[in-house]
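The numbers here are math on the coordinates, done by the rules we state, and not lab data. In this text, all values refer to a predicted model and were calculated from it rather than measured experimentally. With ideal geometry, Cβ positions are generated from the backbone for all residues, glycine too; neighbour counts draw on all protein chains shown.
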Ligand code: HMG
């Protein structure tokens, strides 16, 4: 039967199938007890398989053992093929190479539930097939499959014949040839198979004048029942060639070989889903349908896209073929050749939107392949794993296996097209590929999930990102005194900071792991120059964004230069200095955001962090919804302490740095007690208030950190004390100068020190009065009197300049 005739027959069958979508595959339905269990499971709709992928592998195997009591579940874990068995299968055997085995779930094919073993190394393929299988079964009633009889063709070439007479002779003796053939495959005939027919085809002419210059092929059509059939077809071609030669009476016997392009042995899978039920992620059904059709048309018209389109299909087909011990190379060859039969290379699946009599729109998807699948013979008897995979798949017949392969191929393609049309392939694929990257980067198993969550949150899936996370995890575990096991049970949020500028010694990258209460969704904050990240940052931290942090960082050196620290060299320890400064700026930002965003509760949060950092066991009941900033602050301080302990030998400097951070934490918290009226602000306690508030501009940290870039031999504990005192003096001056400047700009933020000074002096309406400003700044100088003996005018000019630049 010619290909076009076969196609016509298929179309009549499909037209017959499509309208009522009746189920087809009654033949050889040898259901096992697990089928009955699966059937009553499917009645309880997808319950038993739902979330299967979230279970640990041990639990998955246990579930399989419960569903398939005769299954030796460990066969998949410990491997099935002994070296001896492997040595029998291939030549020069030196062992085995393994592939992961997973289960394609939710496949409803002709009303029957299938669990489909799939063997492959590529992530997201099994998830995609299972996701779409669920989608199609829930919204379209599953896949409808039709298969034709398992007829394979073997070809015998005859060279130097007169085709028309040879064809006549073969046709006339076709039954004789069929009988001869069947006499050579009695076992197959006993199974109900055997030779079904003979046909001929002229393939080309020899360049001779000879009358018998045709080269023809005689094809034997062999029903091979449950076997794949290539061996039998090759054998029969060799055994029948002489017999047929005698019938033709001329010519030389050429090649005798079966063909993989088994267009008599077709399998078609088909689904039909109402367009109004196609909604997925943020797109409605219509948009998804249009996206699928556009993706399909791209594959129809661009051969480069056709290649990947069909590769996606074979992702699924090959994975099942490998798991069920089928000849995936033969299946591949047949599929890609079949894709060229109409001329040109076309997508193997077809999609269209059709209306039913009521005008309701449906998306119809179809995959049809010439596919030779076996439930018996070949390697199925050699590798014990195949018994297990066939058991899990419900001991399918050869035709049912073909139906499963085309349904998985169709599901694979639909999943890829749906993802490409709706959110891009990387979102789903890379999130699942992330595991591979983590494993290949050597991440310990108990950290894989959180590393994957981190990569997905960042949207970057590479070893560099894994290393960033592991660096952060190292700091986290060190600061948590190594109780990793404790950490592995938690979920984590992350804070990724990337500050980049040519004036910085190098790009500063910070990765922080932040513990997340189980009732909270992890938050993954990125502080980078990416506009989206800036927006997210602004939501939490208000107006002081990425650019502000960068400006502060770059200006910090100028302050140090005018302070003339002994032997200060800007480039010495530059990257460590910038990294420490960045962390202190972030600590300052987070503290301010907590105090401003959470009001009185914010003070509680800072007290909780303060006590944690001070190592006291006072427990604070912090609402879990405030977890992110609370734990981010704790982690920032712990990371700060980590870098100080790791890099600073000078004990006094280490202590001064930590002490000053604690002073700013305490100071800022206390200053807000005045602002929220918890502590009444009076003339008597104003100096304490402004002392605390001055920690808003943490210059002591900047100077202490830049001591690292000095000649360490000249850094004594006394000198460090001097710098701390100097820092506190200039902080007080700076905050007073800043707030006077802000008040002139009508800043009526209640934490403005000058504005509060005016209020307690009953002059809050006279902020522009120069006399008041002078009196206020003088009162600040009086507070600083006697604290240090150095002239700070040059420093203060630099600070005034920076404050103007920063417009703070
Ligand atoms: P989703 O719909 O977001 O998943 O898809 P969901 O979370 O809603 O879960 C729905 C069901 O999907 C689950 O049911 C599971 O059955 C399954 P539940 O168990 O919840 O009742 N599922 C999973 N199964 C196992 N492991 C998982 C998993 N997640 C969901 N981790 C999904 C998420 C990744 C499936 C989706 O984004 C997707 O289909 N992406 C396409 C991925 C793809 O096509 N990968 C193939 C490799 S890429 C390629 O090489 C081929 C390509 O180039 C071909 C082409 O170009 O055409 C793309």
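Let me check against my output: what whole-number percent is the relative contact order of the stretch 151-258, with C-alpha pairs under 8 Å and at least 6 apart?
45 percent
Could you sort 387-399, 236-248, 528-540 so that the peptide with the highest average Cβ count within 10 Å comes first and the rest follow in order?
387-399, 236-248, 528-540
What nm value, rounded to one decimal, do you get for the distance between residue 294 and residue 530 when each label is placed 7 Å out toward the C-beta?
The answer from the label model is 2.4 nm.
Given only helices, namely DSSP H runs of n ≥ 4 each adding -39500 (n - 2.57), what is the per-residue ellipticity at 222 nm of the chain, to the nearest 500 deg cm²/dmol?
-17500 deg cm²/dmol
Going by a ≥ b ≥ c, the root eigenvalues of the Cα gyration tensor, does the stretch 81-162 fall in the rounded group (a/c under 1.5), the prolate group (a/b larger than b/c) or the oblate group?
Values: a/c = 3.04, a/b = 1.23, b/c = 2.46.
Oblate is the answer for the stretch 81-162, as a/c is 1.5 or above yet b/c matches or exceeds a/b.
Just want to confirm a number: the relative contact order over the chain, from Cα pairs under 8 angstrom separated by 6+ residues, in percent.
Working: 1277 pairs, mean separation 75.6, N = 808.
Relative contact order for the chain comes out at 9 percent.
Calculate, in nm to one decimal, what residue 765 and residue 509 gain on full extension: separation in residues at 0.36 nm each, minus their alpha carbon distance.
Values: separation 256, 0.36 × 256 = 92.16 nm, distance 4.64 nm.
Value of the extension gain: 87.5 nm.
May I ask for the Rg/Rh ratio of the stretch 631-743, computed from Cα atoms with Rh as the Kirkwood radius, given to two decimals?
Reported Rg/Rh, Kirkwood definition of Rh: 1.02.
With a ≥ b ≥ c taken as the square roots of the eigenvalues of the C-alpha gyration tensor of the stretch 520-628, please select rounded if a/c is under 1.5 and otherwise prolate if a/b is larger than b/c or oblate if it is not? Working shown, then result.
On the way: a/c = 2.51, a/b = 1.51, b/c = 1.65.
Oblate, because a/c is 1.5 or more while a/b does not exceed b/c.
Using only Cα atoms, what Kirkwood radius does the stretch 352-424 have, in angstroms? Write down the numbers at each step before the final one.
Working: mean 1/r = 0.0668 Å⁻¹.
Every distinct Cα pair counted, the radius reaches 15.0 Å.
If you find the alpha carbon centre of the stretch 687-708 and of the stretch 629-649, how far apart are they in angstrom?
With the stretch 687-708 and the stretch 629-649 each reduced to a Cα centre, they are spaced 18 Å.
Quick check: pseudo-label points 7 Å beyond the Cα along Cα→Cβ at residue 554 and residue 625, how many nm apart are they?
3.9 nm
Work out the FRET efficiency for residue 793 and residue 617 from their Cβ-Cβ distance, taking R0 = 41 Å, and round it to the nearest 0.05.
Computed FRET efficiency for residue 793 and residue 617 comes out at 0.30.
What FRET efficiency comes out for residue 750 versus residue 651 if R0 is 30 angstrom and r is the Cβ-Cβ distance? Round to the nearest 0.05.
Efficiency for this residue pair is about 0.15.
In nm, what is the difference between 0.36 nm times the number of residues separating residue 716 and residue 801 and their Cα-Cα distance? Write down the numbers at each step before the final one.
Details: separation 85, 0.36 × 85 = 30.60 nm, distance 3.04 nm.
Full extension of this stretch gives 27.6 nm more.
Which shape class applies to the stretch 559-612: rounded if a/c is under 1.5, otherwise prolate when a/b exceeds b/c and oblate if not, where a ≥ b ≥ c are the square roots of the Cα gyration tensor eigenvalues?
Prolate, because a/c is 1.5 or more and a/b exceeds b/c.
Averaging sequence separations of C-alpha pairs under 8 Å and six or more residues apart, then dividing by the length of the stretch 480-806, give the relative contact order as a whole percent. Could you put the intermediate results ahead of the total?
Details: 405 pairs, mean separation 53.7, N = 327.
So the answer I get is 16 percent.
Using 0.36 nm times the number of residues separating residue 358 and residue 687, minus their current alpha carbon distance, what extension gain do you get?
110.3 nm
When you count, for each residue, the other Cβ atoms within 10 Å and take the mean per peptide, how do 557-564, 308-315 rank with the highest first?
Packing proxy ranking, top to bottom: 308-315, 557-564.
Hey, got the Cα dimensions of the chain along the principal axes, in Å, largest first?
Each principal axis gives a Cα extent; for the chain these are 123, 63, 59 Å.
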